[in-house]
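Each remark here refers to the structure printed beneath this line.
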Amino acid sequence: MKKILLAMTFVANTIFCFGQSKVYVTREITPESLVRIYEALGVKPEGRVAVKISTGESEKTGYLRPAFIKPLVDKVHGIIVECNTAYSGSRNTTEKHWKTIREHGFTAIAPVDIMDEEGDMHIAIQDSTHMKYNIVGKHLAYYDWMINLAHFKGHQMGGLGGVLKNASIGVASASGKAYIHTAGYTENVDKLWGHVDDQDGFVESMAAAAQAVHNYFGNGEKIVYIAVMNNMSIDCDCNANPQKPLIADYGIVASLDPVAVDQACYDIVSQIHNDEHNDNRPLLERIAKQHGTHIMEWGEKIGLGSRKYEIINIDK
């Protein structure tokens, strides 16, 4: 596997050094630090730039707020992109999703695109262990670059929600979400919840779908990954009533390697010292229960990235 990883071609800042990827970190969580950590990646997007975020199921969730992301979106002349959900709620139809997007303030700061508003399309998948293809929002074809801007937290089904989930479930259309959740069993949203018993298959399918999106953008040369470690509930932003976060906000993590980003975020949470202000046990238990770290293990196995990384603190 190491030979495979070392043989892969990446832009300069992503080259693995003895199996390690460069991961940039700042302890500041401000609009300015978000721009700085993006700039540290040393990339220059061209053409139409998609900024993939979660628009949030409700105001109670920790989705990244418009005022926080606006300077970065402005800098890259980006278009905020999302897809409809596969569960009942405030974003499972285009009509309801647009209402939520407006209420959460995103249309006030930038153009927004629900990528599966006009349907979906198939893109090639490298790891066909469970799926034959990846099903994404049709409008993905409009974009030349992607900024994967994720909020790191737990997740009810996947264990953890980071950049890999944002690239897989997040970019998938509703049908694509069903296909991933059921590890390739069905694309039918109505049959989704009766076929979600293969947990490892689901997690492996997420990694495979994330790789498909990574490869779609120039084999990783036209996509970057940023995770904001704040409001780290055990629940995802797709949960309208998430549990209260029990650990303090940490900072922002970024890389051109998505596996390294999620691994670094997990390691940071694992190393938190528990005291009267922090209790990382519920989040770690949620991740363990849902086999959440398996997404990084599988991502590394299929050649998407490396779990070994070098931390570069941009605050120094």
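The values are calculated or read from the model by the stated rules, or taken from the named source; none is laboratory data. Note that the structure is predicted; figures quoted are calculated from it, not measured. In this analysis, Cβ positions are derived from the backbone assuming ideal geometry, glycine residues included, and neighbour counts consider all displayed protein chains. Only protein heavy atoms, including side chains, enter the accessible area calculation; ligands, DNA and RNA are left aside. Shrake-Rupley method; radii C 1.70, N 1.55, O 1.52, S 1.80 Å.
Do you know which of the residues in region 39-85 that are touching a residue at least 40 places away in the same chain (Cβ under 8 Å), in a strand (DSSP E or B) and β-branched (Val, Ile, Thr) is nearest to Val25 (Cα to Cα)?
Val51
Within region 217-239, track down each residue that is among the polar types (S, T, N, Q) and within 23 Å of Val25 (Cα to Cα).
In the first step, residues of region 217-239 are kept if they are among the polar types (S, T, N, Q); the result is 219, 230-231, 233, 239.
Once the filter is applied, which keeps residues that are among the polar types (S, T, N, Q) and within 23 Å of Val25 (Cα to Cα), region 217-239 yields Asn230, Asn231, Ser233.
Do you know which residues across region 122-136 are over 10 Å from Ser205 (Cα atoms) and touching a Gly at 6+ places or on another chain (Cβ under 8 Å)?
Gln126, Lys132, Ile135, Val136, listed by residue number.
Failed condition for Val196, given (1) within 19 Å of His291 (Cα to Cα); (2) open to solvent by 10 Å² or more (accessible area, probe 1.4 Å); (3) touching a Pro at 6+ places or on another chain (Cβ under 8 Å), with all others met?
Tallying (1) within 19 Å of His291 (Cα to Cα); (2) open to solvent by 10 Å² or more (accessible area, probe 1.4 Å); (3) touching a Pro at 6+ places or on another chain (Cβ under 8 Å), Val196 fails exactly one: (3).
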